[in-house]
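For reference, the structure discussed in these notes is given below.
The values are calculated or read from the model by the stated rules, or taken from the named source; none is laboratory data. Not measured: the values here are computed from a predicted model. Here the Cβ positions follow ideal geometry from the backbone for every residue, glycine too, while neighbour counts run over all protein chains shown.
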Amino acid sequence: MRLQLDLSTPTRQAMLEAWLVSHGVSKAQLAAHLGIHTSYVGKIIAGQRRPKVHIESLIKLGVPAELLPTPCDGQPGPKPKKEHVA
């Protein structure tokens, strides 16, 4: 079996990481400006975390909004338990 890599449509995350590299910006630098840990910046870039306040700050720092995930301040957590009717 032969796998083929399609680079014709890069992901938002790949384009954002390429933008950071081309502009000489590291995740550590972004973290320092935002006052958060570098690993959290990685989660924002990956779209695993999307806090509105940090995404707005990244835009103010010059990161293109179209490369950032859509902000969402909803808290992840357990689903509410269903009540069982007996």
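Limited to the stretch 49-66, what total is found for residues that are surrounded by 14 or more Cβ atoms within 10 Å (Cβ to Cβ) and either of a type outside the set (A, V, I, L, M) or in contact (Cβ under 8 Å) with a residue 40 or more places away in the chain (or both)?
Residues meeting the conditions: 6.
Of the conditions (1) at pLDDT below 95; (2) closer than 17 Å to residue 11 by Cα, residue 51 satisfies every one except a single condition; which number is it?
(2)
Just name the residue that is surrounded by the most Cβ atoms within 10 Å (Cβ to Cβ) out of those in the stretch 24-48 that are over 20 Å from residue 14 (Cβ atoms) and out of contact with any Phe, Trp or Tyr (no Cβ under 9 Å at 6 or more places or on another chain).
So, considering only residues that are over 20 Å from residue 14 (Cβ atoms) and out of contact with any Phe, Trp or Tyr (no Cβ under 9 Å at 6 or more places or on another chain), the one surrounded by the most Cβ atoms within 10 Å (Cβ to Cβ) is 36.
Name, by its number, the condition in (1) modelled with pLDDT of 95 or more; (2) part of a loop (DSSP other than H, G, I, E, B); (3) surrounded by 12 or more Cβ atoms within 10 Å (Cβ to Cβ) that does not hold for residue 10.
The single condition residue 10 does not satisfy is (1).
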